[in-house]
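Below is one structure, written out as structure tokens; the observations come after it.
The values are calculated or read from the model by the stated rules, or taken from the named source; none is laboratory data. All values derive from a computational prediction rather than experimental measurement. Cβ: placed from backbone, ideal geometry, glycine included. Neighbour counts: every protein chain shown.
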Amino acid sequence: MEETESNKSKQPKRKQRNPSEWKREKRKRSIIAGESHISVKGELVLPKKIGADCNCKLKCYKKVDENTRQRLFKGYYSLKTYDEQNAYLFGLIKKQDVKRKKNLESDRRTCTYKYHVRDQGKEIQVCKLAFAHIHAVSFRKIRTLSEKLDQNILFPRDGRGRHNNRPTKVSPTTIEMIKNHIFQVMKSNELKNFLKEDKNKQMTPELNVAKLHTHYLQMYEPDAINMATGKFHVKIAFFI
Ligand SMILES: [Zn+2]
């Protein structure tokens with residue numbers, strides 16, 4: 001039988017699996033999970049592990065004991081995407097604006113960052129080295145995230161392999177308002193109310209979009225609350 005257009009569209013399209021793409025996906029999953037893998041250059045990369053004690057004045061490894069370090073490490077590597085991992089770390093780095101001491105007349109500001117780990121809902125400040133070692137991430141990664149914090153980027157995203165050419169249905173003004181709203185929430189002490197909890201009532205780095213949405217409507221579009229939802233069907237991913 002001759003295949004018509006409509007017949008064609010009914011058939012499930014099976015994407016041809018490309019072996020090199022498959023390999024890349026597998027590598028990516030291993031990297032995210034902190035597992036050993038063969039790098040692009042063909043070198044064996046060993047699994048991630050927690051680094052040595054920072055031995056600093058803050059006594060980070062005393063404040064964050066072995067069990068907690070293990071829990072944080074496992075939690076981080078159980079996140080399923082780069083974006084989630086980045087957002088998680090991002091939420092634990094806080095920027096502090098400091099005016100340069102030596103030259104008070106100068107307007108130039110320099111930033112310092114404070115690093116934390118979050119355990120059972122409590123944030124504990126640690127030094128940069130401990131922060132890097134507990135999550136087994138490089139200073140370079142931390143710097144990249146800190147720079148995004150400097151640029152007031154809300155949620156860092158891994159830019160690899162993304163398409164920025166998807167059409168949008170939400171007006172730029174609305175997007176701006178939503179961005180500001182999220183930024184306000186993130187800066188406020190309310191942030192924890194907008195984070196999802198896992199089954200053990202532990203906060204996760206994931207935002208509860210439904211709650212944010214309702215809050216946004218309460219603030220900016222109270223009339224829209226009774227309207228059918230879906231009008232503002234916006235995903236966090238959309239903003240980045
Ligand atoms: Zn330390």
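Structure above, values below:
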{"item": "Flag if K192 is at pLDDT 80 or above and closer than 23 Å to L89 by Cβ", "result": "no"}
{"item": "Members of the stretch 23-55 that are modelled with pLDDT of 95 or more and on the phi > 0 side of the Ramachandran plot", "result": "G34, N55"}
{"item": "Members of the stretch 39-67 found to be exposed (fewer than 11 other Cβ atoms within 10 Å of the Cβ) and charged (D, E, K, R), listed by number", "result": "K41, E43, K49, K57, K62, E66"}
